[in-house]
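Okay, so here's the structure we're looking at.
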Amino acid sequence: MKKPRTRRAMIAYLGSHSRYDTMRSWNLGTSFSRNIKLTRLTFPDQETCHRAFDLLNVAEAFDEFDTIISEFDIRHNHYWQIESNGRSGGYLVLYSGGKREMGYKSYCPSCGQRNYKQAPSWGEQPETQEEKLQAYFRTHRHWRDEVYLEQPEVKAIGINEDRILQIIREERKLGDVFSTTNKCGVCGNPRLNYTSPVYTFYRDTGTIGESNPEDYKDWETGSLKNLVDVVWDFDKTVDKAIRAFIDFCKKHEAVEDSILVRNPIMIAIPLKKEAA
Ligand SMILES: [Zn+2]
């Protein structure tokens, strides 16, 4: 099938595409979907199909499948996402969503606690003269620059006045982003700063496209085309993921891993002879 280009073909493609609930059926949201139950897939032969049922218990059989699906999310910057839904995840559904920066600047590698402030360059206590001045400023940030020169604590640090003013100006530029020590507020161990922003991903459960195919007739052609682009990529991605799984099933069979006698799990091994 070729990608629909005309208005009529786009409406036919979107309007006849299978749909599924985005959450539970009572939520009423629906979106474009694909049935990926094994009984609905086309296998090259019976043997491959039988092996596929056993390989369902093998995580490795889905490595490439999962990669292909998550690449879709990344390609669309998480604005569009593919997620399974339905009992036992028998459907892949197209969702809209996005990512939000969480604002965390540091974390504790010992207990996992996150913090909205950066850890300072020093450890528990500032050591050098300049660090002492930075620490003092960070806890007394609301004065005019000259006021700092008069403070006994600042004078005691022993830096010349020009350098004091220079450091204070640099600090103001950085903003109120540091905590005073690097200690974790929960367990007391040293925190580390994140080197890139921390995101959280969210997913909407509203309806995507029209649940009544007739309603596409009111859509502008540009909007139809944008949605076709996404749904087309969704279909191609699901096709590719299914092919990856079937290819795996052509070349592997599930056997019980005899090493873990008390709690046997299935693992995949390559077939001796490649199935036709
Ligand atoms: Zn901690």
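The values are calculated or read from the model by the stated rules, or taken from the named source; none is laboratory data. On a predicted model such as this, the values are computed, not experimentally measured, just so you know. Cβ: placed from backbone, ideal geometry, glycine included. Neighbour counts: every protein chain shown.
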Quick one: what pairs do we get from the range 61-76, first residue in the same structural domain as THR48 (by TED's automatic domain parsing) and more than 15 Å from LEU92 (Cα to Cα), second at pLDDT 95 or above and assigned to a helix (DSSP H, G or I), C-beta under 6 Å, 6+ apart or different chains? ALA61/PHE248; GLU64/ALA244
Could you list, in sequence order, all residues of the range 1-38 that are within 22 Å of the chain's Cα centre (by Cα) and surrounded by fewer than 18 Cβ atoms within 10 Å (Cβ to Cβ)? MET23
Taking the range 18-57 as the region of interest, how many residues are in contact with a helix residue (DSSP H, G or I) (Cβ under 8 Å, 6 or more places away or on another chain) and under 20 Å from TRP80 (Cβ atoms)? 4
Per the filter on the range 155-201, residues of a type in the set (A, V, I, L, M, F, W, C), under 22 Å from GLY123 (Cβ atoms), out of contact with any strand residue (DSSP E or B) (no Cβ under 7 Å at 6 or more places or on another chain) and away from the ligand (no atom under 16 Å from the Cβ) are ALA156, ILE157, ILE159, ILE167, LEU174
Among the strands (runs of 3 or more DSSP E) contained in the range 1-114, which hold 3 or more residues that are more than 16 Å from the ligand (Cβ to nearest atom), among the charged types (D, E, K, R) and under 30 Å from PRO190 (Cα atoms)? 91-101
